[in-house]
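Colleague: Just dropping this structure here.
Nothing in this text is a laboratory measurement; each read-out follows from the coordinates by a stated rule. Worth saying up front: this structure is predicted, and the values here are computed from it rather than measured.
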Amino acid sequence: MITNFFIPELNNHDVQELWFQQDGATCHTSRATIDLLKDTFGDRLISRFGPVNWPPRSCDLTPLDYFLWGYVKSLVYVDKPQTLDHLEDNIRRIFADIRPQMLEKVIENWTSRLDYIRASRDSSMPEIIFKM
């Protein structure tokens with residue numbers, strides 16, 4: 001996916017200032033993957049084994065991590081799809097049903113997370129509960 005889709009898509013955009021943030025999951029951090037991402041992003045890679053290490057036990061900062069995947073997964077399997085086509089149809093339907101108002105709330109929540117992190121710089125953060 002990185003080689004066939006992601007990197008070619010990046011070539012269509014100005015990404016000189018773009019940072020890539022990847023969680024520390026071992027399935028995402030093979031040597032080949034990290035080397036490819038380092039070649040693409042240089043020192044602007046936040047990842048396990050990358051130039052900027054993913055902080056252990058860090059809260060997820062991207063809306064995809066803390067909201068979208070869980071939301072979609074909670075709905076995709078409600079009717080227990082038995083075929084790949086059924087699963088794909090569910091995924092497409094759920095994404096099509098996401099409304100701009102929901103995404104606006106997610107972005108508002110995301111900015112409040114960033115504000116909280118900025119305010120607590122250099123101090124430990126207690127467990128945070130984020131609302132949707």
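Colleague: List every residue whose amide H lies under 5 Å from the amide H of Q21, counting only residues 5 or more places away in sequence or on a different chain, with H placed 1.01 Å from N in the peptide plane.
Modeller: Correct list: I46.
Colleague: Averaged across orientations, what area in nm² does the convex hull of the alpha carbons in the range 39-112 project?
Modeller: Result: 7.5 nm².
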